[in-house]
Every structure is written in C-alpha cells, then in structure tokens.
1. Pick from B:Gly101, B:Gly90, B:Gly85, B:Gly110: which is at the interface with chain A (Cβ under 10 Å from one of its Cβ atoms) and out of contact with any helix residue (DSSP H, G or I) (no Cβ under 8 Å at 6 or more places or on another chain)?
2. What are the residues in the stretch B:11-54 that are within 26 Å of A:Ala180 (Cβ to Cβ) and assigned to a strand (DSSP E or B), if any?
3. Regarding B:Ile32, is this residue β-branched (Val, Ile, Thr) and within 16 Å of ligand 2 (Cβ to nearest atom)?
4. Regarding the stretch B:201-220, can at least one residue be identified that is in a helix (DSSP H, G or I), touching a Phe, Trp or Tyr at 6+ places or on another chain (Cβ under 8 Å) and either β-branched (Val, Ile, Thr) or surrounded by 16 or more Cβ atoms within 10 Å (Cβ to Cβ) (or both)?
5. Could you name every one of the helices (runs of 4 or more DSSP H) located completely within the stretch A:1-107 that has at least 2 residues being β-branched (Val, Ile, Thr) and open to solvent by 10 Å² or more (accessible area, probe 1.4 Å)?
6. Of A:Leu165, A:Leu197, A:Leu170, which residue is within 14 Å of another protein chain (Cβ to nearest Cβ), closer than 30 Å to B:Arg106 by Cβ and crowded, with 24+ Cβ neighbours inside 10 Å?
7. List, please: which pairs have Cβ atoms under 9 Å, are six or more places apart or on different chains, and start with a residue in the stretch B:100-126 that is within 18 Å of A:Ser179 (Cβ to Cβ) and outside any helix (DSSP H, G or I) and end with one that is open to solvent by 50 Å² or more (accessible area, probe 1.4 Å) and of a type in the set (A, V, I, L, M, F, W, C)?
8. Taking the criterion of being in a helix (DSSP H, G or I), open to solvent by less than 10 Å² (accessible area, probe 1.4 Å) and in contact with a helix residue (DSSP H, G or I) (Cβ under 6 Å, 6 or more places away or on another chain), would at least one residue in the stretch A:280-288 satisfy it?
Amino acid sequence: MLVTALLSGLVLGGTYALVAMGLTLQYGIARIMNLAYGEVVIAAAFLAYTLFTAWGISPVAGLLIAAPAGFALGYVIYGVMMRPLVARAWDKASLEIDSILATFGLLFVIQGVLLVVFGANFTSYSYLNVAVNVLGTTLAANRLLAFVLAAVFAGGLYLLLTRTLWGTALRAVSVAPGSAPLVGIDVDRAARMAFALGGALAAAGGVVISMYQTFTATSGVVFTMKALIVVIMGGVGNILGALSAGLILGVVETFVATYLDPGLTLAATYAIFLVVLLWRPSGLFGRIAR
Amino acid sequence: MLEVSNLSLHYGRHIALHQLSLKVGKGETVVILGANGAGKSSLLKSIAGLTKPDAGALISFDKRVITGTPAHDVLEAGIALVPEGRGVFGDLTVEENLALGAYAKRARQGARDRQDFVYSLFSKLRDRRSQYVNTMSGGEQQMVAIGRALMSKPDLLMLDEPSLGLAPVVVGELFASLARIKAAGLALLIVEQNVKMTLSIADRGYLAEAGRITGEGTAQALMSDAAVQRAFLGAAN
Ligand SMILES: Nc1ncnc2c1ncn2[C@@H]1O[C@H](COP(=O)(O)OP(=O)(O)O)[C@@H](O)[C@H]1O
Ligand SMILES: [Mg+2]
C-alpha cells in the first residue's frame, strides 16, 4: 500500500514537474505569466489522442510531433502577441499584468477551438495498459513510461541549461536581464526561445498526461494552476526546484487521496502553496537558475 | 577609432547630454572627468547602445556608424562596457560569467586564450572559478566584470567608475591591471572619480560638466591644469 502510493505519487509528481518546467522557463526567462499554458498541454493531449486513435501512431512517436509543434506555437505566440507587450512594458510588474490579461484571452480561444473540435467529453485511450512489477508492487506500464519520459525531459533540459553556452545565456537572462546585452545576448530573442521551449515542454507534458490520464477540453486550467504552484514552490526559473517541488506535490496529493480522502487533494495542494507563499515566497529552493 | 559627435540625450524633459563630441584613437586610453550628475554614465550607455540618443547624433566606430544600434550588436562591433555597479551575473559562477563573456560571435574563436589572459591578469579568479559571483567581495566582482568584458575580444573597453566602493589597496591593484590591459593594445575609455590614478595611466582626458564637454587635453596637461587641480585633485585655492 505504502509503496504503491509512493510510486503513483512519483509518477504524478514527475508529470507535474515536466509540465511545470515549461512554465518556469516562460515565467522565469521570458517573464510572461502564461495563463493559457494548460490549454497548450491539453491541446497536445488531444493531438496525441488523435494520432493514436486515428492513425495508430504511438504517443512516444507523437512526442516527436507534439514537442516541435509546441515549440513552433510558442515561437509564433511570442512574436505576434507577447513582443508588443514586452516592447511597451515599463517594468516587470506591468509586463506581468499585461501578459496575464492577454494570455487569459488566449486561454479561451484555444479552449473554444478544442471544444468545437473534440467536444466536452472525457477523453482517454488505452496505450500500454498492462501491469508491470516494480519494487514488489504493480504499476501500469504507461505510468512507468510517463515517469521515465518526465525524467528524460527533465535531465535533458537541465543539461541544456547548465552545460551549454546557449543554456547559460538563457539563465543569465533569467537572473540579470539588464546585464545580458553587455555580453552580446539579444534578450528579446532569448525570451522568445525560452517561451518556445516552454511551449515544447507543455506539449510534451500533454502527450505524457494523455498516456495514463483522462482529460477534457476544459481541464487545462487545472494544469496551469498546478504548474504555477510547482513553479512558485520550486523558485521561479529554477529547474531543479521545479523538479523537486513537482515530485513533492505529486506524492503529497497521492498520500492525501489514499490515506485521508480523495476530496481533500486540492485542499492539500493549496495548503502547501499557502505555506510556501507565506514562509518562503521565493520558493523552497530560491530563485536561482541552477 | 571611436568618434562621437553632436550627441544629445534627454530623460523626459531633463537634458542629460548636450551636443557632445569626443574621440578615442586606436589603442588610446582616454579618461572622462566630471562631478556626479555630469552625464558620464549616460554618455557611456549611449555609446554602448543601452540608451537611445536624440536624433542628430553620430557615433561611429572603425568607420562604421553604430548610432541606434542595439547593445548586443555594439558588442559585436568591438566595444565592451563594464557598467557602473558592474552588472555581473551574481547567481552564476565566475567560470559561467567568463564563458558568457565570449557569447558574442566575434568572441567564440580564441576564447580559451583570452580566458588564460584573464586568469593571468586576475589569478584570484582562477582559484575561485566555481564560486558564485554574488558571494565575492566588491573588488573580486570588479575583476569578474572586467574579465567578462575582455572575453568578448573588444577593441575598445569602456569602464564606468571601476574603483567605486573599493578599498585603496584594491584600487591600486585594479589600476595595475588596467595598465596591463592597455599594454595589451586595447583602447580604454574610463570614467573615474579617482582622478590622480586614472590620469597616471591615461593618454588624454575630457572634462564633463552638466552634460557638456568643457575641456580636454593630454593627461599631463590635465594633471597640471589649475581647474582640474581645484575640482578633483584637492589642491588648495
Ligand atoms: N534613467 C534616468 N532617468 C532620468 N534621469 C536620469 C536617468 N539616468 C540619469 N539621469 C539624470 O541624468 C543626469 C546625468 O546622469 P549620469 O549620466 O548618471 O551622470 P554621472 O554618471 O556623470 O553621474 C543626472 O542628472 C541624472 O539624474
Ligand atoms: Mg555615473
């Protein structure tokens, strides 16, 4: 029971972490608070669903389509919608307000399209739905795969940001945007890349979620909220922070649902959030782009 | 090499720079002296592309017009700025700061040699290369800022009050390093309050006052100039 709950919690937490890493890039580097983030997650879930049910393309192959598509979508959205806001923003706070308003609108546009195309029903498909033995307990293979994929993406992103000059430049923009031009970094371009990379991670998260969870055209907001909680808990812009915070949140939610009451899951989520916000407003691990 | 003419700049209704002109020759060390608020930082920022000057200004570097060019492209043209307050990436390590210094396309080649030069100039940085910069002293952070600027392979290095807030002994080391950078062939444009030390390594200087250039001369002439002595060198009467 305990091991089962822990494993389910880690799987869920891995997904939260994966989804949150994209948001932490968009918020921490591009400084855009993207309320439509969860809609991109759900759009990718529907994409994976369609690829699988209509053409028999496995979600793992679907990732190779969804992630670049998410990148392209983020790239275009930044260029068309966000750049004008960035250009006219007086400071960080005014950009935050403008981006919240603009992406709030975008949320309903994407959601509306999804509702028209896919309807409001709960959607899921059956992929790798076989039990495998892990640490003496059983776990659906699709969940195990979801966890592995989350780990691969997290590891890849971490290496990209810390071991390459390009990634180091993105972190430099995150910690000191005013100084970045002094070393020849085009901050606008870096922000656009970070936003697009966030879109790719949102899409990857959506595909992974669709492998083992039921979703609807309107469930995007749940993922935006949870990703936001994880981002704040982990420290804005902090990749390892998002990873740890995502895992913590997944495990806590699963334990509360298993041992207390499934109805208390959301309450527990927000309780953690409030505690962090009140005691460690810069996150459990600080606002350090490491 | 650097030619600035008719440079004006205003913040709202406040005029910070007024039709200012100056030159820096190849490999020359030029100092700008002036009281707080004279517009020295605004001048360096305008050259670096961090602020947009009023229409009519002409800034050219190596015969190339760079007026209105964004800061990251000015760096590519060969001008690096060590700003007032240093502008280091405090949450990154020394090594990461230096690596980012070579982020510009012009700087990718030969980055290793330049890093060796920086480490030979500031040997402390070599020992501290994995330290986070915001945990370092002011003098060490200034070394990081200068080292990072050198990594971009500049032809002209601009420094905005590099000795500000540093202990006297550290200031001495700083100017010794600047002399070595000058000896390596770079042109330097230095804004300083520490007039005596700066004039001792400078070739030429300008006096700035309320957004205008009010005087210029060789370093030697400025050193013995009565007005300069009164204003900056603390001479009696
Ligand atoms: N961002 C700004 N907004 C408004 N006024 C400014 C700004 N930066 C500088 N100033 C004003 O412009 C004048 C010149 O400032 P500055 O270039 O920093 O002088 P210095 O570096 O010689 O001390 C000062 O009066 C200062 O108050
Ligand atoms: Mg100044």
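The values are calculated or read from the model by the stated rules, or taken from the named source; none is laboratory data. Just so it is clear, the model here is predicted, and its values are computed rather than measured. Positions of Cβ are generated from backbone atoms using ideal geometry, with glycine treated the same way; all protein chains shown enter the neighbour counts. For the accessible areas, the whole protein counts, side chains as well, though only heavy atoms, and no ligand, DNA or RNA atoms are used. Shrake-Rupley method; radii C 1.70, N 1.55, O 1.52, S 1.80 Å.
1. Values: B:Gly101 fails: out of contact with any helix residue (DSSP H, G or I) (no Cβ under 8 Å at 6 or more places or on another chain); B:Gly90 fails: out of contact with any helix residue (DSSP H, G or I) (no Cβ under 8 Å at 6 or more places or on another chain); B:Gly110 fails: at the interface with chain A (Cβ under 10 Å from one of its Cβ atoms).
Criteria check complete, one pass: B:Gly85.
2. Matches in the stretch B:11-54: B:Tyr11, B:Ala16, B:Leu17, B:Val24, B:Ile32.
3. yes
4. To start, the set of residues in the stretch B:201-220 that are in a helix (DSSP H, G or I) comprises B:201, B:219-220.
After this cut, where a residue has to be touching a Phe, Trp or Tyr at 6+ places or on another chain (Cβ under 8 Å) as well, the list is B:201.
Add one more test, that the residue is either β-branched (Val, Ile, Thr) or surrounded by 16 or more Cβ atoms within 10 Å (Cβ to Cβ) (or both), and what stays is B:201.
Within the stretch B:201-220 (the criterion being in a helix (DSSP H, G or I), touching a Phe, Trp or Tyr at 6+ places or on another chain (Cβ under 8 Å) and either β-branched (Val, Ile, Thr) or surrounded by 16 or more Cβ atoms within 10 Å (Cβ to Cβ) (or both)), the answer is yes, since at least one residue qualifies.
5. Values: elements: A:2-28, A:37-55, A:59-77, A:83-88.
Result: A:2-28, A:37-55, A:59-77.
6. Details: A:Leu165 fails: crowded, with 24+ Cβ neighbours inside 10 Å; A:Leu197 fails: within 14 Å of another protein chain (Cβ to nearest Cβ).
That would be A:Leu170, the only listed residue that is within 14 Å of another protein chain (Cβ to nearest Cβ), closer than 30 Å to B:Arg106 by Cβ and crowded, with 24+ Cβ neighbours inside 10 Å.
7. Note: pairs meeting the criteria are B:Ala102/A:Leu165; B:Tyr103/A:Leu165; B:Tyr103/A:Trp166.
8. no
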